[in-house]
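Here, each number is a calculation from the coordinates, and none is a lab measurement. All of these numbers come straight from a predicted model, not from anything done at the bench. Heads up, the Cβs are rebuilt from the backbone with ideal geometry, glycines too, and the neighbour counts pull from every protein chain shown.
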Amino acid sequence: MPAALEEGLGKIARHIQMGDQYVALVGDNVVGTMRVRLSGHVGVISRVAVRSSFRGRRIGSMLVEYAENRMSHMGATVIEIEVYGAVEMQLSFYERIGYTETGRLERLGEEIVVMQKELVDEQVDDDV
């Protein structure tokens with residue numbers, strides 16, 4: 001099970017109450033999770049995880065799309081994703097949905113790959 005899903009339910013519940021933790025449910029089962037925050041015009045997504053038995057069903061894509069849309073409405077123009085452990089499968093997933101690597105750092109002994117995506121303003125010009 002991904003580390004982000006192994007967090008205690010109490011910790012996840014606290015983040016949900018704070019409004020920065022989202023979960024994907026199938027029935028009553030938590031099958032995916034992510035944490036988000038807004039820092040100026042940069043939306044940050046971290047701790048994205050989907051249960052292995054539910055991968056390949058677009059759950060991760062839907063979580064990220066939801067976060068992008070929500071943070072765009074809050075004023076974000078760039079989304080940054082922190083990928084813990086530099087797992088190639090995760091990196092290629094984010095590349096497929098438009099993210100590019102912008103740096104690497106280490107936090108608490110764990111390598112983190114930072115990826116970014118610029119949000120495109122999709123508002124329609126009514127004058128056209």
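What to note about this one:
- With neighbours defined as other Cβ atoms within 10 Å of a residue's Cβ, the residues PHE54, PHE93 order from fewest to most as PHE54, PHE93.
- Computed over the Cα atoms of the range 3-118, pair by distinct pair, the Kirkwood hydrodynamic radius stands at 14.5 angstrom.
- Taking other C-beta atoms within 10 angstrom as a stand-in for reagent exposure, HIS73, HIS41 fall in the order HIS73, HIS41, fewest first.
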